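Take a look at the structure set out below.
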Amino acid sequence: MIGFWTLFYKEILRFWKVAFQTVGAPVLTALLYLMIFGHVLDEHVKVHGVPYTSFLVPGLVMMQVLQNAFANSSSSLIQAKITGSIVFVLLPPIPYSAFFAAYILAAMARGLMVGIGVLLATMWFTELKLVAPLWILAFALLGGSLFGALGMIAGIWSEKFDQLAGFQNFLIMPLTMLSGVFYSIYTLPNFWQRVSHYNPVFYMIDGFRYGFFGVSDVAPETSLAVVLACFTVVSLLTLSLLKRGWKLRT
Amino acid sequence: MSAAVSLVDVIKYFGSLKALDGVSLEIEQGEFFGLLGPNGAGKTTLISCLAGLARADSGKLSVLGHDVSTDYREARRRLGVVPQELVFDPFFNVRETLQIQSGYFGIRKNDDWIDEILANLDLTSKANVNMRRLSGGMKRRVLVAQALVHKPPVIVLDEPTAGVDVELRQGLWQFVRRLNGEGHTIILTTHYLEEAESLCGRIALMKQGKVVALDTTANLMSAGGTLEEVFVRTMRQ
């Protein structure tokens, strides 16, 4: 267990030492989104009877939780692989399951820290109620873990920073941006509504938002089941890559 | 008593290249053993297989009786490796680096031993300096320190003095000799043959993935000449 806690502590310390960049910058990005979209649309748009700025905040929070959880595990692994310092975690007797858990928990911690930061910063712009806080917590924890695991796969698979950037720009970004962060999918044409239902991030955003307003596009139980299933599949895949030492041990 | 390291018919391919071609040898506990050979002979691959950084395609490797694949946690606990590449984690200072490495090996409070290692490697004044700000020689010392934090009974030094000044070499060898005197098994790879000649009790010469000579240093040199001459003769055969 000490090996696991040390690796977890190291991962926390790694992003905390550059918190301005790893926590501060994403909070600022979310604030800019809110100021621009909120200012332009707040007086014209209501979603599920909720003012647009209020509707937007939970989406932005969850988007930053997911993107930063992904960024934490993926950047840590790719940096360690490229600089060669990965040997320091491969030489000790740390079981692959502990390795997985430490990276996922640290990714989730960074995601949550950024999410709380965004929530605190946006409180000045709109009034939010927490109708069902347990749903908020469940989707934040599960979503952060799922994207932490995806980040591990990307970090293990990538051999260069541009491969990781490709993963981030062509998979993670479209999945999060087209998930209903900025809109309800029921404002989309039928075809795109159906497409959105194949995007697991849609369920994370929708379920997370339910915790704030008590209304959602899909029942939160359904969303939770989808997210849980995705997390199980991605985690099993990550664990199997770690067990085989794929792209880590030659 | 188990051998410190036991290798039986180890074969490793990289694509079509046979990097290790049936390597077998035993290193006894307490030995100061030299693993020598030209670049590409397979020394680092052999060390990587032993340390679990690479997986042998066939053969058996064990550290103090613990198989490196089926009983990898016990094998790794008993092994300390100083890698050949000058690698470091730029986020941490020297003390943090060593504390974290101790934790990876399951040791929570290790400051007394860390202080002793720092003193022996002349790193005490650099304990709170970030790794990025150290010179190459200092980074090399930290790599040695990282390999020793868990007091491994078997220590592998893969070209530890490459690019290192005379003062550090002398200090490092003094410390390593002391560890060997205390019972630690030392396995050394180096291109500085005079170092191997003066330090190692037994030497294996490797060429193209095979052990081509294995004997005590004295016996290898009994035909006459320095170890360097023996090395050149063997590699030409």
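The values are calculated or read from the model by the stated rules, or taken from the named source; none is laboratory data. Computed from a predicted model, the values in this text were never measured in an experiment. Note: ideal-geometry Cβ built from the backbone for every residue, glycine included; neighbour counts use all protein chains shown.
Restricting the search to region A:195-249, which residues are within 14 Å of chain B (Cβ to nearest Cβ) and outside any helix (DSSP H, G or I)?
Across region A:195-249, the qualifying residues are A:Gly245, A:Trp246, A:Lys247, A:Leu248, A:Arg249.
Residue under question is B:Ala19, and the condition is that it be touching a residue at least 40 places away in the same chain (Cβ under 8 Å), buried (at least 22 other Cβ atoms within 10 Å of the Cβ), within 22 Å of B:Ile155 (Cβ to Cβ) and not polar (S, T, N, Q); does it hold?
Values: touching a residue at least 40 places away in the same chain (Cβ under 8 Å): yes; buried (at least 22 other Cβ atoms within 10 Å of the Cβ): yes; within 22 Å of B:Ile155 (Cβ to Cβ): no; not polar (S, T, N, Q): yes.
Taking the combined requirement at face value, the residue does not satisfy it.
Quick one: in region A:1-44, of everything that is of a type in the set (Val, Ile, Thr) and modelled with pLDDT of 90 or more, which residue is surrounded by the fewest Cβ atoms within 10 Å (Cβ to Cβ)?
So, considering only residues that are of a type in the set (Val, Ile, Thr) and modelled with pLDDT of 90 or more, the one surrounded by the fewest Cβ atoms within 10 Å (Cβ to Cβ) is A:Val18.
Residues being buried (at least 17 other Cβ atoms within 10 Å of the Cβ), touching a residue at least 24 places away in the same chain (Cβ under 8 Å) and not hydrophobic (A, V, I, L, M, F, W, C): count how many of those fall in region A:45-57.
Total meeting the criteria: 2.
Inside region A:78-93, can you point out the residues that are within 7 Å of chain B (Cβ to nearest Cβ) and in a helix (DSSP H, G or I)? Write out each step before concluding.
We begin by selecting, within region A:78-93, every residue within 7 Å of chain B (Cβ to nearest Cβ); these are A:83-85, A:87-93.
Once the filter is applied, which keeps residues that are within 7 Å of chain B (Cβ to nearest Cβ) and in a helix (DSSP H, G or I), region A:78-93 yields A:Thr83, A:Val87, A:Phe88, A:Val89, A:Leu90.
So which residues in region B:178-193 are part of a helix (DSSP H, G or I) and either in contact (Cβ under 8 Å) with a residue 60 or more places away in the chain or exposed (fewer than 14 other Cβ atoms within 10 Å of the Cβ) (or both)?
Across region B:178-193, the qualifying residues are B:Arg178, B:Asn180, B:Gly181, B:Leu193.
How many residues are at the interface with chain A (Cβ under 7 Å from one of its Cβ atoms) and assigned to a strand (DSSP E or B) if we restrict to region B:76-91?
Result for region B:76-91: 1.
Please work out which residue is farthest from the other protein chains (Cβ to nearest Cβ), limiting yourself to region B:47-74 and to residues that are assigned to a strand (DSSP E or B) and charged (D, E, K, R). Outline the logic, then answer.
Of the residues in region B:47-74, the ones assigned to a strand (DSSP E or B) are B:58-63, B:66-67.
In the following step, the residues that additionally are charged (D, E, K, R) were identified as B:60, B:67.
Working: B:Lys60: 18, B:Asp67: 13 Å.
Looking at the filtered set, the residue picked out is B:Lys60.
Restricting to region A:171-193, name every residue that is over 16 Å from A:Ser216 (Cβ atoms) and either outside any loop (DSSP other than H, G, I, E, B) or acidic (Asp, Glu) (or both). Don't jump to the end; show me each part of the working.
Taking region A:171-193 first, the residues over 16 Å from A:Ser216 (Cβ atoms) are A:171-178, A:189-192.
Correct list: A:Leu171, A:Ile172, A:Met173, A:Pro174, A:Leu175, A:Thr176, A:Met177, A:Asn190, A:Phe191, A:Trp192.
Does B:Arg202 satisfy being within 21 Å of B:Glu116 (Cα to Cα) and away from every other protein chain (no Cβ under 14 Å)?
So B:Arg202 does not fit the description; no.
Among the listed residues A:Phe231, A:Phe212, A:Phe182, which satisfies the condition of being under 25 Å from A:Ala138 (Cα atoms) and in contact with a Lys or Arg (Cβ under 7 Å, 6 or more places away or on another chain)?
Criteria check complete, one pass: A:Phe212.
Please pick out the residue among B:Ala162, B:Ala196 that is more than 14 Å from chain A (Cβ to nearest Cβ), hydrophobic (A, V, I, L, M, F, W, C) and assigned to a loop (DSSP other than H, G, I, E, B).
Of B:Ala162, B:Ala196, the one residue that is more than 14 Å from chain A (Cβ to nearest Cβ), hydrophobic (A, V, I, L, M, F, W, C) and assigned to a loop (DSSP other than H, G, I, E, B) is B:Ala162.
Just the residues that are in a helix (DSSP H, G or I) and within 13 Å of chain A (Cβ to nearest Cβ), please, taken from region B:96-125.
Scanning region B:96-125 gives B:Glu96, B:Thr97, B:Leu98, B:Gln99, B:Ile100, B:Gln101, B:Ser102, B:Gly103, B:Tyr104.
Looking at (1) in contact with a Leu (Cβ under 8 Å, 6 or more places away or on another chain); (2) modelled with pLDDT under 95; (3) among the β-branched types (Val, Ile, Thr), can you tell me which one B:Ile187 breaks?
Unmet condition: (2).
Taking B:Phe14, is it loosely packed, with under 15 Cβ neighbours inside 10 Å, closer than 30 Å to B:Glu228 by Cα and of a type in the set (Phe, Trp, Tyr)?
yes
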